[in-house]
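Scroll down for the structure; my scribbles are underneath it.
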């Protein structure tokens, strides 16, 4: 029997080594059963789609995962995928939670697991947000690196991590002099009446690196500055000395599967 392995780690709290751990468990089960492993992929979206396409072509007979949540924690999507794979005649086996699509109790099994996985995500989301709120109240920075700043870790020498190094208890913003000069120029030119598109063209003409110049993307909308990027910086209260927290949130569209940005329930500035 030909087996495909599929693994995924779903949160920043998990290590990339989690993929290796899942594959190790799956390979151990395959060896015990005498199954031939023909492929393995991790759970970024393109490889997830590639796995489904390979299943439709019947390139393997069994899909082996560590547990059902590795397919997806969305109970609706999980049920849809499993039904599609089972309809194709594939067997689905989860090594950790004991799921086997050949079992008569398979529907009851995943009927419990689906809601449990979604509840786990809800709880995780609340815990992460609670922790970030605590950091924000301490005036630590909770977002990514905004243009014009560097991220400076705040260390506590009295608390050591597992490696014996001072623990990181927060992050603050530190001005990047080179990029800050570009930000000041944007505000000056805008005050003089220049449009966002004009400012972007001027920066591109001089070869000024844009915020996305270090992004590791294979396809990009633009190599340099765009007028929309300039507009975002000019409208951001951070550049006027105000920190904003909880201004927006991302929710998943149940139809497209894409995450859309919405205004947060309570935005705070200081």
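Things to note:
- Matching entry among 68, 124, 64 (being in contact with a strand residue (DSSP E or B) (Cβ under 6 Å, 6 or more places away or on another chain) and more than 18 Å from residue 32 (Cα to Cα)): 68
- For the stretch 148-186, taking the residues that are closer than 21 Å to residue 207 by Cβ and surrounded by 14 or more Cβ atoms within 10 Å (Cβ to Cβ), the one that is farthest from the chain's Cα centre (by Cα) is identified as 185.
- Where residue 143 falls short, out of the listed (1) farther than 25 Å from residue 129 by Cβ; (2) surrounded by 14 or more Cβ atoms within 10 Å (Cβ to Cβ); (3) free of Cβ contacts under 8 Å to residues at least 24 places away in the same chain: (1)
- Taking the listed residues 84, 106, the one that is outside the structural domain of residue 251 (by TED's automatic domain parsing), free of Cβ contacts under 8 Å to residues at least 60 places away in the same chain, farther than 13 Å from residue 4 by Cα and exposed (fewer than 15 other Cβ atoms within 10 Å of the Cβ) is 84, with no other qualifying.
The values are calculated or read from the model by the stated rules, or taken from the named source; none is laboratory data. Computed from a prediction, not measured in an experiment: that's the story for all the values here. Please note: Cβ atoms are built from the backbone with ideal geometry, for glycine as well, and neighbour counts cover all protein chains shown.
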